[in-house]
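What follows is a single structure, written as structure tokens, with notes after it.
The values are calculated or read from the model by the stated rules, or taken from the named source; none is laboratory data. In this text, all values refer to a predicted model and were calculated from it rather than measured experimentally. Note: ideal-geometry Cβ built from the backbone for every residue, glycine included; neighbour counts use all protein chains shown. Ligands, DNA and RNA are excluded from the accessible area calculation, which covers all protein heavy atoms including side chains. Shrake-Rupley method; radii C 1.70, N 1.55, O 1.52, S 1.80 Å.
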Amino acid sequence: MKHPIIHVIWHDAHSIGDTWISLPVDTEPCIVSSIGWLIPDAKPDYVVIAQSYTNEEMYDHLLAIPVGMVKETKLLT
């Protein structure tokens with residue numbers, strides 16, 4: 001297995017209501033914490049991680065996070 005495992009903390013784009021709402025709205029970001037195998041150079045300007053992958057280069061549950069939404073990354077050992 002050749003991909004490093006990383007922990008990514010990022011701000012998600014999310015819905016702030018399920019119907020019409022009054023302003024002002026909650027101003028706090030939706031902070032997400034994800035762990036996965038880093039797939040470098042998979043998509044320009046994104047951090048791409050996989051939930052699982054095989055030795056035959058098959059990937060499952062790829063998550064592409066825009067670089068501008070990433071707040072922190074940490075290499076896990």
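Using amide H atoms built in the peptide plane, which far-off residues or other-chain residues are under 5 Å from residue 47 H to H?
65, 67
Among the aspartates and glutamates, select those whose C-alpha is under 19 Å from the C-alpha of residue 43, and discard any that sit fewer than 8 residues away in the same chain.
Output for residue 43: 12, 57, 60, 72.
Would you work out which of 52, 69, 4 lies farthest towards the positive end of the dipole of the chain? Charges go on Cβ: Lys and Arg +1, Asp and Glu -1.
In the chain, that residue is 4.
Leaving out ligands, DNA and RNA, what percent of the accessible area of segment 32-77 is carbon and sulfur, probe 1.4 Å?
Values: 1820 of 3330 Å².
About 55 percent, which is the carbon plus sulfur part of the accessible surface.
Using a probe radius of 1.4 Å on heavy atoms only, what accessible surface per residue do you get for the chain? Whole Å² is fine. Numbers along the way, then the final one.
Working: 5950 Å² over 77 residues.
It amounts to 77 Å² per residue over the chain.
Spelling out what I want: for every residue of segment 12-21, take phi, set θ = phi - 60°, compute 6.51 cos²θ - 1.76 cosθ + 1.60 (Karplus), and round to whole Hz; glycine and proline get x.
Those phi angles translate into 8, 7, 8, 6, 10, x, 9, 7, 4, 10 Hz.
Report the label-to-label distance for residue 25 and residue 52 in nanometres (one decimal), using points 7 Å from each Cα along the Cα→Cβ vector.
3.5 nm
Quick one: give the max-minus-min coordinate of the C-alpha atoms of the chain along each principal axis, largest first, in Å.
51, 22, 21
Any idea what the relative contact order of the chain is, in percent, if you count C-alpha pairs under 8 Å spaced at least 6 apart? Don't jump to the answer; show the numbers that get you there.
Values: 125 pairs, mean separation 30.2, N = 77.
About 39 percent, as a whole number.
How large is the charge dipole for the chain, taken about the Cα centre, if only the Cβ atoms of Lys, Arg (+1) and Asp, Glu (-1) carry charge, to the nearest 20 debye? Kindly include the intermediate steps, with their values, before the conclusion.
On the way: 4 positive and 10 negative charges, 47 e Å.
With Lys and Arg at +1 and Asp and Glu at -1, about 220 debye.
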